[in-house]
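Report on one structure; see the data block that follows.
The values are calculated or read from the model by the stated rules, or taken from the named source; none is laboratory data. It should be emphasised that the depicted structure is a prediction, and the values quoted were computed from it without experimental measurement. Here the Cβ positions follow ideal geometry from the backbone for every residue, glycine too, while neighbour counts run over all protein chains shown. With ligands, DNA and RNA removed, areas are computed over all heavy atoms of the protein, side chains included. Shrake-Rupley method; radii C 1.70, N 1.55, O 1.52, S 1.80 Å.
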Amino acid sequence: MPIVGLLHPGEMGAAVGAVARADVLWAPAGRSDATAERARRAGLTGVDLDELLARADVVLSICPPHAALDVARGTAGFRGVYCDANAVSPATAREVGETVEAAGATFVDGGIVGGPPTEPGTRLYLSGAAAPAVAEVFGDTDLEPVALGDEIGAASALKMCYAGWSKGTAALLLALVEAADALGVGEALRAEWERSVPGMAGRLERAEASAAKKGWRWVGEMREIDATLRAAGVPHGFHAAAAEIFRRR
């Protein structure tokens, strides 16, 4: 089986590592006890970073968006396939690619749509000439690989547009409820939603719970989405505001 180096096994990363058809290594130095426990449950093998980079055929980066470039810079000397599967803009993906390829690796752009792959329904979008090497690791698993061609940035573009809706609308809902409460019409708004938009109460509850748990991770993602819209030449600013909404949770 191929050897995959996983940077790093957070909630998503550990679940991805668990389904990979590969021997999966991770680097425990400086990571928390919670991360180590997730890696243990996922069956990952802890080694130092130098050994991971020397042994891995594929390095898979799954980390908060603001850390993607720093993680890439820390893999200098790696000569295999480096897949950045983070929620970053196409421009950031290309910058990560330039960074790792200058150091000798081959870059694949990735984007995960869906939750941690503990059951079917999550997809790993991939773009770049070496995408098949990453897709092979996840064939016939609960993480479905989907190839989008050779253009670096395509997988990240799809992820940004998808999350711009799924998380951006959650932020909009939170902002409107906060405004309604501040204006003294919060209860009336919730009552109207109960009458005219069935299911909105449940959606609000899910948005509040997700933002409380993960909002800190989504701040950087919203900024990457804002940059994506700006680069595409369409009106933007929605997601810069969403970043602030999540920052305040």
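Annotations for the structure displayed:
- Nonlocal amide H pairs with ASN86, under 5 Å, H built at 1.01 Å: GLY110
- Gain on full extension, evaluated as 0.36 nm per residue between ALA240 and GLU178 minus their Cα-Cα distance, stands at 20.6 nm.
- Nearest-20 debye value, the chain charge dipole, Cβ charges on Lys, Arg, Asp, Glu: 460
- Most mobile listed residue (ALA227, ALA171, ALA67) in the chain, GNM with C-alpha springs under 10 Å: ALA67
- Residues whose amide H comes within less than 5 Å of that of VAL59, counting only those at least five positions distant or on another chain, are GLY5, VAL81, TYR82, CYS83 (H built at 1.01 Å from N in the peptide plane).
- Here's the picture: a label point sits 7 Å out from the Cα of ASP150 along the beta-carbon direction, and within the range 95-114 the residues with their amide nitrogen under 17 Å of it are 106-109.
- Residues MET1 and THR169, FRET efficiency given R0 of 30 Å [Cβ-Cβ distance, rounded to 0.05]: 0.15
- Global geometry of the chain, whether rounded, prolate or oblate, following the gyration tensor of its Cα atoms and the 1.5 cut on a/c: prolate
- Centroid-to-centroid, using Cα positions, the range 173-190 and the range 79-136 are 40 Å apart.
- Ordered by 1.4 Å accessible area with all protein chains kept, ASP33, ASP150, ASP140 run largest first as ASP140, ASP33, ASP150.
- Ligands, DNA and RNA left out, the 1.4 Å accessible surface of the range 74-130 is 48% carbon and sulfur atoms.
- Taking all protein chains into account, the per residue accessible area for the chain stands at 48 Å² (1.4 Å probe).
- Peptide ranges 86-94, 36-44 listed from the most packed, as the mean C-beta count within 10 angstrom indicates: 86-94, 36-44
- Highest average packing first - 195-202, 128-135, 68-75, Cβ atoms within 10 Å: 128-135, 68-75, 195-202
- Selected from GLY168, GLY149, GLY184 as most flexible by GNM, with the chain as the system and alpha-carbon contacts under 10 Å: GLY184
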